[in-house]
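The values are calculated or read from the model by the stated rules, or taken from the named source; none is laboratory data. Values in this document were obtained by computation on a predicted structure and should not be read as measured data. Cβ: placed from backbone, ideal geometry, glycine included. Neighbour counts: every protein chain shown. Just the protein is used for accessible areas: all its heavy atoms, side chains included, with ligands, DNA and RNA removed. Shrake-Rupley method; radii C 1.70, N 1.55, O 1.52, S 1.80 Å.
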Amino acid sequence: MLGYLARRIVLAVAVILTVIAALFAMMRAIPGDPVRTALGPRASEAMVETYRIKMGLDQPVIVQIWRFFSTILQGDLGSDAISGVPVARIIMAQLPDTLYLVLGAMVVAVVPGVWLGVLSATKRGSLFDRVTSVLSVSVMAVPSFVIAIYLLLIFAIQLSWFPAIGAGEGLADRLHRLVLPSVALGLAWIGYIARILRASMLEVMGENHIRTARAFGLSERKIMYDYVLRIAILPTITVLGMGIGQMLSGAVFAEIVFGRPGIGKLVYDSIAARNYPIVTGTLLVTTGFFVLVNLIADLLIAFLDPRVRNVVSR
């Protein structure tokens with residue numbers, strides 16, 4: 001298990017470095033002068049030159065890359081070139097709201113998704129199974145930002161059940177305002193989880209050890225939850241690990257539609273202003289979080305199924 005963990009950590013670090021280098025190159029390949037875009041057309045030449053030196057854009061690209069990675073290795077994400085506030089402080093001020101949103105979306109996706117997947121597998125071919133299949137595919141086909149707009153129009157504006165915008169003050173108000181964006185972000189994943197879990201359970205239910213358990217007279221409930229679901233849930237864990245990244249990207253639309261603070265909206269505003277330090281710092285934090293979640297998912301799968309780590313170690 002330790003060897004498997006070491007290999008996964010090395011791979012995770014390689015992924016982070018590759019993504020950071022790729023984004024660094026792409027950001028500077030965008031046409032236009034980022035300094036004049038950030039300062040506006042009325043900025044004087046002296047202001048433009050001062051800002052350019054402050055951001056390090058007067059140096060060759062190789063030097064800029066080296067300076068960026070050297071500061072990252074020292075644990076420094078740099079400072080906002082406009083306000084001078086440390087990038088880490090800006091990101092950490094916005095990160096909790098996004099994490100709450102992603103966590104709420106995960107709850108919305110996992111609880112009904114697992115429930116529907118298990119029932120669909122145990123009631124294969126029934127009316128419930130057919131209706132669940134149709135609804136799952138239908139919900140999966142609708143983009144999250146479209147769902148967000150309709151939820152806002154119906155439940156916030158027309159019915160006035162939920163506030164339209166903002167993150168709220170206090171625990172109860174925050175949870176109340178978190179419902180609509182969480183549903184908008186997690187609704188489509190209910191179908192993914194239900195379909196994948198159903199297919200995986202049906203495959204496991206046909207294996208020999210399940211027939212043996214039935215031959216020994218074990219109850220169907222015990223077989224489903226102690227034997228079938230333990231193995232069938234593994235592909236779902238992998239999907240959830242990848243789903244975190246999708247939800248982080250989808251949080252941009254949810255935060256803009258519902259007027260919520262968060263790193264998604266922060267990245268959107270920073271890209272529009274060509275604020276490179278915040279963009280690269282936010283990318284590092286979100287990429288690290290995404291890689292960490294997938295690392296945890298891989299380790300959990302390897303813990304539940306020793307065959308995984310045995311195959312990788314060969």
Would you say ARG221 is at pLDDT below 80 and among the charged types (D, E, K, R)? yes
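To keep it simple, each residue is scored yes or no on (1) without any contact (Cβ under 8 Å) to a residue 24 or more places away in the chain; (2) outside any helix (DSSP H, G or I).
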residue: LEU153; (1), (2): yes, no
residue: PRO163; (1), (2): yes, yes
residue: ARG195; (1), (2): no, no
residue: ASP226; (1), (2): yes, no
residue: ILE244; (1), (2): no, no
Restricting attention to the stretch 104-140, which residues are free of Cβ contacts under 8 Å to residues at least 40 places away in the same chain and either outside the structural domain of ALA232 (by TED's automatic domain parsing) or within 25 Å of ARG260 (Cβ to Cβ) (or both)? VAL111
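Residue-wise test of (1) surrounded by fewer than 16 Cβ atoms within 10 Å (Cβ to Cβ); (2) at pLDDT 75 or above; (3) within 14 Å of PRO277 (Cα to Cα).
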site	(1), (2), (3)
THR50	yes, yes, no
VAL63	yes, yes, no
GLY84	yes, no, yes
ALA88	no, yes, yes
Residue that is least open to solvent (accessible area, probe 1.4 Å), among those in the stretch 137-182 that are out of contact with any Leu (no Cβ under 9 Å at 6 or more places or on another chain) and at positive phi: GLY166
Answer yes or no as to whether GLY262 is at positive phi, in the same structural domain as SER136 (by TED's automatic domain parsing) and open to solvent by less than 10 Å² (accessible area, probe 1.4 Å). yes
Among the numbered criteria (1) within 18 Å of GLU220 (Cβ to Cβ); (2) open to solvent by less than 70 Å² (accessible area, probe 1.4 Å), which one does ARG124 miss? (2)
